[in-house]
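To start, the structure itself, in structure tokens.
The values are calculated or read from the model by the stated rules, or taken from the named source; none is laboratory data. On a predicted model such as this, the values are computed, not experimentally measured, just so you know. Here Cβ is always computed from backbone atoms with ideal geometry, including for glycine, and neighbour counts include all displayed protein chains.
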Amino acid sequence: MPREISIKQVLIITVISVLIVLILVGLNRPRLTLNVSGEFNYETGVTENGEPYKGSPDAQIAMILYSDFVCIPCGDFADAIEELSKEFIESGKLRIIFRNFAHYSDESPLAAQAAMCALDQGADKFWQYHDLIIENRGIGSRAYSKAQLSAYAVQIGLDTTKFNMCLNSEAKAKKIQEDYDDGKKVGVTGTPNWFINGRKYRGSYSPAKLRRVLNNLLENGK
Amino acid sequence: MQKTDWKKWLIISFSFVGFWMSCYLLWARLTNHEVACGKSINCDLVLKSAYSAIAGIPVTFLGMLTYLILLIITLLRGHVVKCCDANIRLATYGISLTGFLYSCYLTYIQVFVLTATCVWCLTSTALITIIFIITINDVRAGLM
């Protein structure tokens, strides 16, 4: 083999490769637009059945969303909804009713339970906690350990004594299991699954695709 | 077969396998199909994670492109462009080094951030690692 490669050339190629990788790593960060501040420009509340919602109860479209905090597409979908919140939720056209369907991993039920414990301290707190734990999903191993979930509660100013008691409550854990069973009964097969006017939609939609679906519903009712 | 030939054909074979795998994963992603995956590992969680795209471009597409370029330039080596053999070897080294380093980063993300691993991703890491090791040897042999 002819010897025609210089050390200098190899070094230059190595440096260029490392730089390319550093740029790719820099660009490969999850970017979410979720609202972790807890300041919402739309109504939040709890339905008669104890489910958290956001948006006006008089909204033309009511979306029942089955979600799991560990499921990555669920986070993507929450992000898509947040991106469209000004257009549809703040304007009173859309209401999101949240239901747990904790099935993804062994951390799913505990994350769902923690969110419902936040709900006990107010619907605003639920949505703030919801956004915070989704925003931090996948950051560090065991992102939804009991200790980490309590730390998130401290971060948004929840009463931690109440929160921790709730997080250890067996009754609350049982409720998460019941929510899962109820979801299965109505045909939920995975997450995110969402229902509008009884029609089931599966998977995470991009903001553009979700906008098309919502506009179709507003204009044509289907 | 010359000594360098088997190395060349090893790079070609591994690049072809890597290209085929990336095509399959990209197809599954674009058509929303579930990826065939063992029960003990979670491909879906990894392949649909927030880390599975760079500025909206699926990582699988970049992988496909990497393996395709490696495949083409290695096939060209010693045939069409004999004059540029050293440059092709350097390019193969650079591309495989980039692929290897980025695969290491993705493996770190799988193990420590997502705490889920995907057999396809790990296989790709193994393929690019072997290609990279071969190209190091190749470049070392060609050093002046």
Residue match in the stretch A:165-182 (condition: surrounded by 22 or more Cβ atoms within 10 Å (Cβ to Cβ), in contact with a Ser or Thr (Cβ under 8 Å, 6 or more places away or on another chain) and modelled with pLDDT of 90 or more): no
Candidates A:GLU51, A:GLU83, A:GLU87 - the one that is modelled with pLDDT under 90, among the charged types (D, E, K, R) and either buried (at least 21 other Cβ atoms within 10 Å of the Cβ) or closer than 20 Å to A:LEU132 by Cα (or both): A:GLU83
Selected residue (criterion: surrounded by the most Cβ atoms within 10 Å (Cβ to Cβ)) from residues of the stretch B:88-116 that are facing another protein chain (nearest Cβ under 9 Å) and over 22 Å from B:PHE19 (Cβ atoms): B:LEU114
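So which of B:VAL80, B:VAL139, B:VAL119, B:VAL59 is at the interface with chain A (Cβ under 9 Å from one of its Cβ atoms) and either at pLDDT below 90 or touching a Cys at 6+ places or on another chain (Cβ under 7 Å) (or both)? Show your work before the answer.
Values: B:VAL80 fails: at the interface with chain A (Cβ under 9 Å from one of its Cβ atoms); B:VAL119 fails: at the interface with chain A (Cβ under 9 Å from one of its Cβ atoms); B:VAL59 fails: either at pLDDT below 90 or touching a Cys at 6+ places or on another chain (Cβ under 7 Å) (or both).
Just one listed residue meets the conditions, B:VAL139.
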Pair list, Cβ < 7 Å and 6+ apart or interchain, from the stretch B:30-56 residues that are within 10 Å of chain A (Cβ to nearest Cβ) and surrounded by fewer than 17 Cβ atoms within 10 Å (Cβ to Cβ) to residues that are in a helix (DSSP H, G or I) and modelled with pLDDT of 75 or more: B:ALA55/A:LEU27
Top-ranked residue of the stretch A:102-138 - restricted to ones that are of a type in the set (Asp, Glu) and closer than 30 Å to B:TYR108 by Cα, ranked as surrounded by the fewest Cβ atoms within 10 Å (Cβ to Cβ): A:ASP106
Residue that is modelled with the highest pLDDT, among those in the stretch B:1-29 that are surrounded by 17 or more Cβ atoms within 10 Å (Cβ to Cβ) and closer than 30 Å to A:ASP106 by Cβ: B:MET21
Residue check for A:ALA78: part of a helix (DSSP H, G or I) and either within 14 Å of chain B (Cβ to nearest Cβ) or crowded, with 24+ Cβ neighbours inside 10 Å (or both): yes
Of the criteria (1) away from every other protein chain (no Cβ under 14 Å); (2) under 21 Å from A:TYR152 (Cα atoms); (3) without any contact (Cβ under 8 Å) to a residue 12 or more places away in the chain, which one A:PRO52 fails: (3)
Every residue from the stretch B:83-116 that is in contact with a Gly (Cβ under 7 Å, 6 or more places away or on another chain) and either modelled with pLDDT of 90 or more or not in a loop (DSSP other than H, G, I, E, B) (or both): B:ASP85, B:ALA86, B:ARG89, B:VAL113
Residue in the stretch A:125-144 that is of a type in the set (Asp, Glu), more than 14 Å from chain B (Cβ to nearest Cβ) and in contact with an Asp or Glu (Cβ under 8 Å, 6 or more places away or on another chain) present: yes
Residues satisfying the stated conditions in the stretch B:122-136, i.e. more than 10 Å from chain A (Cβ to nearest Cβ), over 10 Å from the mean Cα position of the chain (by Cα) and not hydroxyl-bearing (Ser, Thr, Tyr): B:LEU122, B:ILE133, B:ILE134
